Amino acid sequence: MDSIVVTGNGPLHGQIPIAGAKNACLTLMPATLLSEEPLTLTNAPRLSDIRTMTSLLQSLGAEVQSLQDGQVLAMSSHDIHNHTADYDIVRKMRASILVLGPMLARDGHAVVSLPGGCAIGARPVDLHLRALEAMGAELDLRDGYVHAKAPSGGLRGGVVEFPLVSVGATENALMAATLARGTTILKRAAREPEIVDLADCLRKMGAQIEGDGTDTITVQGVDRLGGATHRVVTDRIELGTYMLAPAICGGEVELLGGRIDLVGAFCEKLDAVGISVAETENGLTVARKNGQIRAVDVTTEPFPGFPTDLQAQMMALLCTAEGTSVLEEKIFENRFMHAPELMRMGARIDVHGGHATVTGVDRLRGAPVMATDLRASVSLILAGLAAEGETVVNRVYHLDRGYEHVVRKLSGVGAKIERIKGQ
Ligand code: EPZ
């Protein structure tokens, strides 16, 4: 297994390009199953999760061509000959569940493995299933798989009232609703930019959708969808992650393609800790206001609140802040696994249930640490950028799921970082 070696090397200066959003691409790709016409995605990120979704779609019979070094995905689902998403693919990537709604809507049947839990939580899919049942789907759970069937006339429009906000369940329901007969209303829908991006793409394919970006989405089903070409929205989590690089070790960095509307709540917290964010014609420029980072409390919430996917990275910054910060993780039940690793670097963190209390220290010290999940891994790299000495982050395969060219992007702004091939 590869590892990444980071050595604290002072302030950073330069530009970092931000890629297309992993979490948008992972729902845009299954949308190809809704139509027999070609769907082409541009600005696609080059990530292992995208390659996993590619393999899954190909196993179902879809054609997926990766062009221009992976930045363009040319897809066609003219001949879907297999309607089963196998456990060995689904267990590697939970987003595989997002093929369920589209397959059910287009062909009336689908068999998808239950994804199982992951490091950050149990992550059930009951809300996905409940939404599809509200559209008439008959679901039978057996042998670890969901066996789904639509009524003989196909899915029908219905009212889906989510008991809690779920990004994935909103995406599955939204895709299914585009081909359901009649009107579907999604209440307490997720408002993430990735939902709006999906809706934009579906509208290009001929879907009739209103209200995306709010908590109520209304869909008028249509008989069929056509093809489209769609540019994947900027990755707000990669953006926020790299905004923290100059925050944690000083300097000034311009994030190319960054959009302030994608990171509103996050920027409010950066402002509170003493970081300035300025819009430029190419993106966003980030720098410390006057040197010292101040403590701040953070609570993760569904968009437009502070994103859970930036909690680990923000904790790394707060480990070196003046004062005590309390981070409350309200989305997932076990998303503080980066805390013990940061403590190996000298951080002072007390974790109690969904709360982590961070008391800032003058400087972290480099140490060997282990990545436990995607966002935790990059949190450790951020900490290593500011630490005294050398940090070795092990198990960086987690990183490859969500961040392309980390070493190139950070060394391009002056970080001392390299990737070591594992045995
Ligand atoms: C998406 O996961 C993202 N993944 C996650 O990003 C992100 O952390 C999460 O949304 C929240 O923003 C992708 O888009 C591929 P949820 P998702 O359904 O859809 C519970 C990353 O690092 N829940 O909004 O799985 C669930 O357990 C990843 O890029 C149910 O109880 O998240 C969680 O507590 C990590 N039943 C809460 O809802 C369900 O049927 C929010 O989950 C579904 C979810």
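Every condition in (1) in contact (Cβ under 8 Å) with a residue 40 or more places away in the chain; (2) within 14 Å of the ligand (Cβ to nearest atom); (3) part of a loop (DSSP other than H, G, I, E, B); (4) buried (at least 17 other Cβ atoms within 10 Å of the Cβ) is met by Ala312 except one, and the failing one is (3).
The criterion of at least 1 residues that are within 16 Å of the ligand (Cβ to nearest atom) and over 24 Å from Gly211 (Cβ atoms) is met by the following strands (runs of 3 or more DSSP E) wholly inside the stretch 104-170: 109-113, 138-142, 145-149. With the requirement that a residue be surrounded by fewer than 16 Cβ atoms within 10 Å (Cβ to Cβ), free of Cβ contacts under 8 Å to residues at least 40 places away in the same chain and within 16 Å of the ligand (Cβ to nearest atom), what does the stretch 331-353 give you? The answer is Gly353, and nothing else.
Test Ala278 against the criterion of being more than 23 Å from Arg191 (Cβ to Cβ), in a strand (DSSP E or B) and either within 16 Å of the ligand (Cβ to nearest atom) or at pLDDT 95 or above (or both), and give yes or no. Yes; evaluated as a whole, the condition is true for this residue. Taking Glu268, is it in a helix (DSSP H, G or I), without any contact (Cβ under 8 Å) to a residue 24 or more places away in the chain and closer than 30 Å to His13 by Cα? Against the criterion (in a helix (DSSP H, G or I), without any contact (Cβ under 8 Å) to a residue 24 or more places away in the chain and closer than 30 Å to His13 by Cα), Glu268 qualifies. Against the test of being hydroxyl-bearing (Ser, Thr, Tyr), farther than 27 Å from Asn43 by Cβ, free of Cβ contacts under 8 Å to residues at least 40 places away in the same chain and in contact with a helix residue (DSSP H, G or I) (Cβ under 6 Å, 6 or more places away or on another chain), the options Ser276, Ser325 yield a single qualifying residue, Ser325.
Of Leu141, Leu202, which residue is of a type outside the set (Val, Ile, Thr), within 22 Å of the chain's Cα centre (by Cα) and either at pLDDT below 95 or within 22 Å of Leu262 (Cβ to Cβ) (or both)? If you could, list the steps in order and put the result at the bottom.
Numbers: Leu141 fails: within 22 Å of the chain's Cα centre (by Cα).
After applying the criteria, what remains is Leu202.
Filter the stretch 13-47 for residues that are crowded, with 24+ Cβ neighbours inside 10 Å, away from the ligand (no atom under 16 Å from the Cβ) and part of a strand (DSSP E or B) and give the result. Ile16, Ser35, Leu39 - these are the residues of the stretch 13-47 that are crowded, with 24+ Cβ neighbours inside 10 Å, away from the ligand (no atom under 16 Å from the Cβ) and part of a strand (DSSP E or B).
The values are calculated or read from the model by the stated rules, or taken from the named source; none is laboratory data. Keep in mind that what you see is a predicted model, and the values were worked out from it rather than measured. All Cβ positions, even for glycine, are placed from backbone atoms using ideal geometry, and neighbour counts span all protein chains on display.
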